[in-house]
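Before any comments, here is the structure.
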Amino acid sequence: MPVLPSSLPSREAFEAAGRRLYAAEAALFEARRPKSAAARDSGAAGFAGGVPMHWMLDWPMPFPMIVAGACGVHLTDIDGNVLVDFCLGDTGAMFGHGPAPVVAAMAASATRGLTFMLPSADAAPVGALLAQHFGLSHWQVATTASDANRFALRAARAVTGRSRILVFDGCYHGTVEDTLVDLVDGATITRRSLIGQVADTGLTTVAVPFNDVGALAAALADGDIACVIAEPVMTNCSMILPAPGFHAELRRLTRAAGTLLLIDETHTLSTGPGGYTGAHGLEPDLMVMGKPVAGGVPAAVWGMSEAVAARFALVRDREEHGHSGIGTTLSGSALQLACLRACLSEVMTGATYAAMLRQAGRIEAGLASAIAALGLDWHVARVGARLEVVFRARPLLNAADARAAALPEAERALHLMLLNAGFLLTPFHDMVLVGPMVTDDEADGFVAAFAAAAGRLRQAAEML
Ligand code: PMP
């Protein structure tokens with residue numbers, strides 16, 4: 001290994017190096033993908049932007065590679081490139097693509113009818129499994145985590161009779177308008193990237209910095225906040241771990257203010273079969289899980305404590321039935337229930353998580369060693385099977401920290417270098433999700449590819 005100068009290049013040099021390396025890697029990506037390139041050039045007829053969902057254009061790859069298929073943690077594109085998948089559909093396939101019990105449940109469901117807007121026989125076992133995994137007693141099924149959060153917030157407002165909610169700056173809870181805000185110079189404003197928004201979400205939502213107990217206490221003091229919605233570890237603004245004691249304070253303060261606590265475990269389900277909540281003994285009033293909870297089939301769940309469910313039942317009895325703003329036609333379908341049952345009972349097991357956590361630990365240690373060997377002032381943040389590299393030495397405290405630490409160009413270049421080396425990361429801040437089928441060789445190969453890519457980045461930055 002070359003002897004590296006002890007002082008690091010500037011952040012600007014890393015960014016410029018990132019731009020330069022990205023251009024070279026883009027050429028390699030394209031050369032290996034004539035069929036995907038042809039699809040881009042001909043434009044997939046009928047789709048705006050040539051893709052069925054516009055986020056697919058936001059990857060740090062020159063154009064979307066078209067997937068031929070995926071199995072376990074391997075994904076193959078139509079040009080025959082095979083990748084180890086650490087994105088896993090941005091968590092939808094966290095337990096690997098096509099878990100066998102879920103595939104079997106789908107097949108059985110297909111011949112029995114997919115959707116009735118009536119419960120199937122799987123409803124009772126799924127309710128029991130949810131209570132067993134996550135502790136809360138009363139559950140509802142939605143189709144996306146966005147919807148589940150929207151419904152849970154609506155329930156929280158209904159039972160408390162309060163209109164405002166509190167979020168942590170930098171959060172993402174799906175397309176829930178009320179949560180799409182930013183904290184700018186102490187004011188909560190509608191997130192600038194939100195398209196077509198009319199209502200000023202700053203009027204109904206207050207954002208405070210994560211890990212800031214003082215700001216939280218001040219915001220709750222008026223007693224007009226219906227609900228705090230929080231990821232237990234912030235995973236959508238780089239990765240921000242809770243400071244010691246933060247969750248205990250969050251619970252104490254919300255209880256004192258009569259504010260409900262909604263924990264969104266959609267990403268932190270990477271921690272274990274009961275999510276971060278189960279592993280760390282949190283006591284939420286409401287809980288949301290989406291994405292992988294039915295093994296990749298569109299389904300999400302939201303749960304209520306006994307006390308919230310009792311208050312919710314009163315509201316439901318009081319109001320005129322009809323358009324409640326909660327529930328959608330295909331939610332709670334037989335297909336979803338069958339897949340939830342299979343996933344919760346046969347996939348989300350201790351053994352599956354043990355495999356995920358073992359390899360995540362191996363990768364975390366490997367990346368940390370590579371960072372140290374390269375003399376970089378970066379660190380690895382991790383929540384269970386999910387981890388990412390943060391471009392500064394100290395843990396992040398809040399979103400302002402995360403924004404200051406970001407190196408977007410370097411991040412894009414690392415993403416594409418790793419993709420060209422055979423490893424697919426999540427498009428957003430290069431998040432790594434370690435599925436249960438990852439082998440030692442794949443974990444070590446990924447660490448080696450990261451070391452090589454980060455080394456190239458540093459060397460390119462030195463030369464600027
Ligand atoms: N909650 C969290 C914490 C998320 O990260 C996301 C999506 N990234 C969602 C909710 C929304 O999930 P979906 O897009 O499946 O509705």
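The values are calculated or read from the model by the stated rules, or taken from the named source; none is laboratory data. In this text, all values refer to a predicted model and were calculated from it rather than measured experimentally. Cβ sites come from the backbone with ideal geometry, for glycine too, and all protein chains shown count toward neighbours. The area values use the complete protein model at the heavy-atom level, side chains included, leaving out ligands, DNA and RNA. Shrake-Rupley method; radii C 1.70, N 1.55, O 1.52, S 1.80 Å.
Gyration tensor over the Cα atoms of region 100-347: the corresponding equivalent ellipsoid has semi-axes (square roots of 5 times the eigenvalues, largest first) of 30, 20, 18 Å. Label-to-label distance, residue 67 versus residue 108, with points set 7 angstrom from Cα along the beta-carbon direction: 2.5 nm. The separation of region 291-309 from region 123-197, counted between C-alpha centres, amounts to 12 Å. Between residue 197 and residue 440, the C-beta separation translates, for a Förster distance of 45 Å, into a calculated FRET efficiency of about 0.40. Rounded to the nearest 10 square angstrom, residue 184 shows an accessible area of 50 square angstrom against a 1.4 Å probe. Annotation: amide H-H contacts under 5 Å for residue 271 (H modelled 1.01 Å from N, sequence separation of 5 or more, or interchain): 276, 385.
Among residues other than residue 267 with Cβ under 12 Å from its Cβ, the summed charge is -3 (Lys and Arg +1, Asp and Glu -1).
Computed 3J(HN,Hα) for region 111-126, one whole-Hz value per residue from the Karplus formula 6.51 cos²θ - 1.76 cosθ + 1.60 where θ = phi - 60°, is 8, 9, x, 8, 8, 10, 6, 9, x, 9, 5, 6, 4, 5, x, 5, glycine and proline marked x. Taken along the Cα-to-beta-carbon direction at a fixed 7 Å, the label points for residue 7 and residue 279 span 4.1 nm. Peptides 356-363, 285-292 ranked from most to least packed by the mean count of surrounding Cβ atoms within 10 Å: 285-292, 356-363. To the nearest 10, the accessible area of residue 261 is 10 Å² with a 1.4 Å probe. Residues whose amide H lies under 5 Å from that of residue 205, counting only those 5 or more places away or on a different chain, are 165; hydrogens are built 1.01 Å from N in the peptide plane.
Give the percent of DSSP beta bridges with both residues in region 100-347 that are antiparallel, rounded to the nearest 5. Intermediate values should be presented prior to the final figure.
Values: 14 of 28 bridges.
If I count the DSSP bridges inside region 100-347, around 50 percent turn out antiparallel.
For the chain, find the longest principal axis of its Cα atoms and tell me its angle to the long axis of helix 306-318, 0 to 90°, nearest 10. The angle comes out at about 60 degrees.
Of the solvent-accessible surface of the chain, computed with a 1.4 Å probe over protein heavy atoms with every protein chain present, carbon and sulfur atoms account for 60 percent.
Counting only heavy atoms of the protein chains, get the accessible area per residue of region 69-118 (1.4 Å probe) and round it to a whole Å² value. Working shown, then result.
On the way: 2160 Å² over 50 residues.
Value returned for region 69-118: 43 Å² of accessible area per residue.
Counting only protein heavy atoms and a 1.4 Å probe, region 373-464 has 33 square angstrom of accessible area per residue.
Scoring 101-113, 400-412, 297-309 by mean Cβ neighbours within 10 Å over their residues and listing the highest first yields 297-309, 400-412, 101-113.
Between residue 184 and residue 48, the FRET efficiency from the beta-carbon distance, with R0 = 30 Å, is close to 0.50. Residue by residue, region 212-218 carries 3J(HN,Hα) couplings of 10, 5, x, 5, 5, 4, 5 Hz when phi is fed to the Karplus relation 6.51 cos²θ - 1.76 cosθ + 1.60 (θ = phi - 60°); x denotes Gly or Pro. Each residue of region 379-391 was assigned a 3J(HN,Hα) from its phi angle through the Karplus expression (A = 6.51, B = -1.76, C = 1.60, θ = phi - 60°), giving 9, 10, 9, 8, 10, x, 8, 10, 8, 7, 8, 10, 7 Hz with x at Gly and Pro.
Looking at region 47-133, which chymotrypsin sites (Phe, Trp or Tyr not before Pro) are in a loop (DSSP not H, G, I, E or B) and have at most 11 other Cβ atoms within 10 Å? Provide the component values of the computation, followed by the final result.
Working: sites: 47, 55, 86, 95, 116; in loops: 47, 86, 95, 116.
For chymotrypsin sites (Phe, Trp or Tyr not before Pro) across region 47-133 that sit outside H, G, I, E and B with at most 11 neighbouring Cβ atoms in 10 Å, the list reads 116.
Looking only at Cα atoms, what is the convex hull volume of region 301-376 per residue, in Å³?
Working: hull volume 15.2 nm³, N = 76.
Per-residue hull volume (Cα only) is 200 Å³.
Hey, what number do you get for the chain at 222 nm if only DSSP H runs of n ≥ 4 count, each worth -39500 (n - 2.57), divided across all residues, to the nearest 500? Using -39500 (n - 2.57) per qualifying helix, the result is -13000 deg cm²/dmol. Nearest 5 percent is fine: what portion of the DSSP beta bridges confined to the chain is antiparallel? Percentage antiparallel, nearest 5: 65.
Solvent exposure of region 218-338 amounts to 37 Å² per residue of accessible area, where only protein heavy atoms count and the probe is 1.4 Å. Label separation (residue 224 vs residue 24): 5.8 nm, computed from points 7 Å beyond Cα along the C-beta direction.
In whole angstrom, the chain maps to an equivalent ellipsoid with semi-axes of 36, 28, 21, each derived as √(5λ) from the alpha carbon gyration tensor and ordered largest first. Towards the positive end of the charge dipole of the chain, with charges on Cβ (+1 Lys, Arg; -1 Asp, Glu), say which of 333, 279, 404 has the farthest Cα. With unit charges placed on the Cβ atoms, the residue in question is 333.
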